[in-house]
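Input: a single structure, listed below in structure tokens.
The values are calculated or read from the model by the stated rules, or taken from the named source; none is laboratory data. Everything quoted here is computed from the prediction, not taken from an experiment. Neighbour counts are summed over all protein chains in view; Cβ atoms, including those assigned to glycine, are modelled from backbone coordinates with ideal geometry. Calculation scope for accessible area: heavy atoms of the full protein, side chains included, ligands and nucleic acids excluded. Shrake-Rupley method; radii C 1.70, N 1.55, O 1.52, S 1.80 Å.
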Amino acid sequence: MSPGAHRLLDQIRSRRSRAGVVGLGYVGLPLALELARAGFDTTGIDVDPRKVDAVNRRTSYIADVSTSDLAALVGEGRLRATADFAAVAGLDTINICVPTPLRKTKDPDMSFVAAAVDGVAAHLRPGMLVILESTTYPGTTEEFVRPRLEAGGLRAGQDFFLAFSPERVDPGNPTFNTRNVPKVVGGIDAPSTALAGALYAAAIERIVPVSSPRVAEMVKLLENTFRAVNIGLANEIAQMCDRLGVDVWEVVDAAATKPFGFMPFYPGPGLGGHCIPIDPFYLSWKAKQSGFDPRFIELAGQVNSAMPHVVAQKVADALNDKRKSVKGSSVLALGIAYKRDIDDIRESPSLDVMSVLTQKGARVRYSDPHVPVLRADRWHGAVELHSEPLTASVLGQADCVVILTDHRSFDYDLVRRSSSIVVDTRNAIEGHHPNVFRLGAPVPSESAPPEAGHSEQPAPDAQAVA
Ligand SMILES: NC(=O)c1ccc[n+]([C@@H]2O[C@H](COP(=O)([O-])OP(=O)(O)OC[C@H]3O[C@@H](n4cnc5c(N)ncnc54)[C@H](O)[C@@H]3O)[C@@H](O)[C@H]2O)c1
């Protein structure tokens with residue numbers, strides 16, 4: 001290790017190094033808190049002045065970060081935020097956690113990473129450690145980030161240290177958080193890996209070093225592609241079960257009793273969030289650059305993105321059963337966040353289901369305690385909607401209620417009793433009921449079979465976790 005690396009290692013171990021986090025969103029804000037809590041003087045940098053103001057006013061805007069924790073750290077002077085990249089000059093370590101969306105063409109949109117890295121590069125000084133956390137294609141850190149950071153003349157590995165470490169946060173998960181999810185770390189050389197590992201070890205329970213940034217980048221894409229493909233399989237099996245009159249939920253739960261070689265994934269209205277619907281296409285794009293045509297990713301994408309139409313058809317079939325058409329019917333969507341118990345509607349399949357039903361002439365409303373307002377520009381229905389209270393009267397007024405995201409706070413018994421028809425895409429309502437049409441399950445009848453082996457829990461969260 002060079003003297004510069006030794007110096008930074010000492011500073012990290014003694015908590016004298018000053019930490020910076022660029023991008024204070026779902027990933028960056030919890031990380032900034034963990035670093036500050038671990039004892040580092042921490043500065044968050046974000047281009048959004050509302051987030052900067054909120055942090056400095058000691059108010060959290062991320063559900064997984066409590067305002068009291070944030071307020072305590074800001075109050076003690078251990079955490080602050082700024083929109084000014086000049087702050088980089090006073091930092092020793094920098095974690096970059098900015099968005100990596102897709103363009104309409106499904107190509108990576110690297111503009112946020114480029115802007116953030118350029119902002120850091122303008123104030124880079126010798127001895128610093130830069131870590132990219134944004135999910136991205138294999139090769140980004142070495143091919144895209146490194147040359148931008150070196151543009152001012154400093155050399156990675158000699159003058160500064162560089163690593164990639166994928167973020168694995170699962171918003172809304174009550175068990176796993178930034179602290180107790182193992183952190184994979186791959187530096188461009190051994191000192192970079194060691195320094196990044198030391199930084200995270202101060203705040204995170206287990207560090208998993210790998211041999212390069214490229215491996216670390218690929219780890220994240222394998223994890224998320226695994227999810228996308230298995231959810232795609234579950235969604236296709238659900239459609240087969242629908243045709244064959246078999247209950248997919250009972251099948252998956254029974255299969256999950258196998259103690260080895262099987263992991264349950266559940267069907268649903270499609271993929272949502274910033275990760276699972278997007279990340280696999282970063283890998284697909286990169287593979288195509290080297291002449292390889294990935295088939296699983298594309299196929300899973302096709303199956304999963306067709307699910308909102310499958311659900312809309314299920315609603316049409318359920319209404320048809322009651323001699324009603326979609327056109328002119330009132331449909332109440334329950335849950336528009338992309339997964340249970342969170343407030344994030346990015347890429348939410350619920351919005352696609354609502355849009356398809358609106359296009360077919362339904363009058364769509366929604367209820368979601370986590371999302372009080374749905375702005376007109378956030379969905380194709382193009383009108384602003386407000387969350388309806390979940391009362392017997394609101395449920396009773398709808399021709400069909402469709403459960404899209406199974407928030408724990410919903411009273412499913414009330415939903416079943418007060419609604420004329422329910423289409424349940426999450427197996428949230430236990431048992432067989434004549435007015436409940438479940439995705440991937442036989443059409444209900446008055447003489448439905450008694451419940452057998454039904455899970456006690458609403459559908460687990462395997463569907464759409466970012
Ligand atoms: N949300 C998740 O569950 C999750 C999980 C794992 C990985 N990731 C990955 O982490 C990365 C960040 O995701 P997120 O959900 O936190 O996004 P986010 O949109 O919640 O937050 C990103 C933040 O970066 C800020 N930003 C954008 N450009 C900037 C710039 N040039 N300089 C400084 N700040 C800038 C934005 O204002 C925003 O506050 C993405 O690559 C994502 O794929 C997200």
**Message:** Could you check the stretch 374-413 and list, in sequence order, the residues that are without any contact (Cβ under 8 Å) to a residue 40 or more places away in the chain, assigned to a helix (DSSP H, G or I) and more than 29 Å from residue 231 (Cβ to Cβ)?
**Reply:** 376, 392, 393, 396
**Prompt:** Hey, residue 229 hits all of (1) β-branched (Val, Ile, Thr); (2) in a helix (DSSP H, G or I); (3) open to solvent by 80 Å² or more (accessible area, probe 1.4 Å) but one; which does it fall short on?
**Reply:** (3)
**Prompt:** Does residue 198 meet the test of being buried (at least 20 other Cβ atoms within 10 Å of the Cβ) and of a type in the set (A, V, I, L, M)?
**Reply:** yes
**Prompt:** Restricting attention to the stretch 282-295, and to residues there that are open to solvent by 20 Å² or more (accessible area, probe 1.4 Å) and in contact (Cβ under 8 Å) with a residue 40 or more places away in the chain, which single residue is nearest to the chain's Cα centre (by Cα)?
**Reply:** 283
**Prompt:** Is at least one residue of the stretch 344-357 open to solvent by 30 Å² or more (accessible area, probe 1.4 Å), at pLDDT 95 or above and either of a type in the set (Val, Ile, Thr) or not in a loop (DSSP other than H, G, I, E, B) (or both)?
**Reply:** yes
**Request:** Out of 172, 153, report the one residue that is on the phi > 0 side of the Ramachandran plot and within 24 Å of the chain's Cα centre (by Cα).
**Result:** 172
**Asked** Looking at the stretch 407-425, which of its residues are more than 30 Å from the chain's Cα centre (by Cα) and buried (at least 19 other Cβ atoms within 10 Å of the Cβ)?
**Response** 418, 419, 421
**Request:** For the stretch 131-150, name all the residues that are away from the ligand (no atom under 14 Å from the Cβ), under 19 Å from residue 107 (Cβ atoms) and open to solvent by less than 10 Å² (accessible area, probe 1.4 Å).
**Result:** 139
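Quick one: is residue 86 more than 28 Å from the chain's Cα centre (by Cα) and without any contact (Cβ under 8 Å) to a residue 40 or more places away in the chain?
Judged against the criteria, residue 86 is a match.
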**Message:** Name the residue that is nearest to residue 345 (Cα to Cα), counting only residues in the stretch 374-392 that are open to solvent by 70 Å² or more (accessible area, probe 1.4 Å) and not β-branched (Val, Ile, Thr).
**Reply:** 378
**Request:** Specify the residue that is farthest from the ligand (Cβ to nearest atom); the eligible residues are those in the stretch 15-58 that are among the hydroxyl-bearing types (Ser, Thr, Tyr) and outside any strand (DSSP E or B).
**Result:** 17
**Request:** For the stretch 84-99, name all the residues that are over 11 Å from residue 24 (Cα atoms) and surrounded by 21 or more Cβ atoms within 10 Å (Cβ to Cβ).
**Result:** 88, 91, 92, 93, 94
**Asked** Is it the case that the stretch 256-278 has a residue that's open to solvent by less than 60 Å² (accessible area, probe 1.4 Å), farther than 25 Å from residue 352 by Cβ and assigned to a loop (DSSP other than H, G, I, E, B)?
**Response** yes
**Message:** When the residues of the stretch 59-83 are narrowed to those that are under 25 Å from the mean Cα position of the chain (by Cα) and more than 16 Å from the ligand (Cβ to nearest atom), which ends up least open to solvent (accessible area, probe 1.4 Å)?
**Reply:** 66
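Specify which of the listed residues (51, 106) is crowded, with 19+ Cβ neighbours inside 10 Å and basic (Lys, Arg).
51
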**Message:** Any residue that is within 16 Å of the ligand (Cβ to nearest atom), of a type outside the set (S, T, N, Q) and outside any loop (DSSP other than H, G, I, E, B) - is there at least one of those in the stretch 197-211?
**Reply:** yes
**Request:** Within the stretch 110-130, count every residue that is part of a helix (DSSP H, G or I), open to solvent by 40 Å² or more (accessible area, probe 1.4 Å) and of a type in the set (A, V, I, L, M).
**Result:** 1
**Any chance residue 176 is among the aromatic types (Phe, Trp, Tyr), surrounded by fewer than 21 Cβ atoms within 10 Å (Cβ to Cβ) and over 28 Å from residue 93 (Cα atoms)** = no
**Of the criteria (1) farther than 23 Å from residue 404 by Cβ; (2) at pLDDT below 95, which one residue 292 fails** = (2)
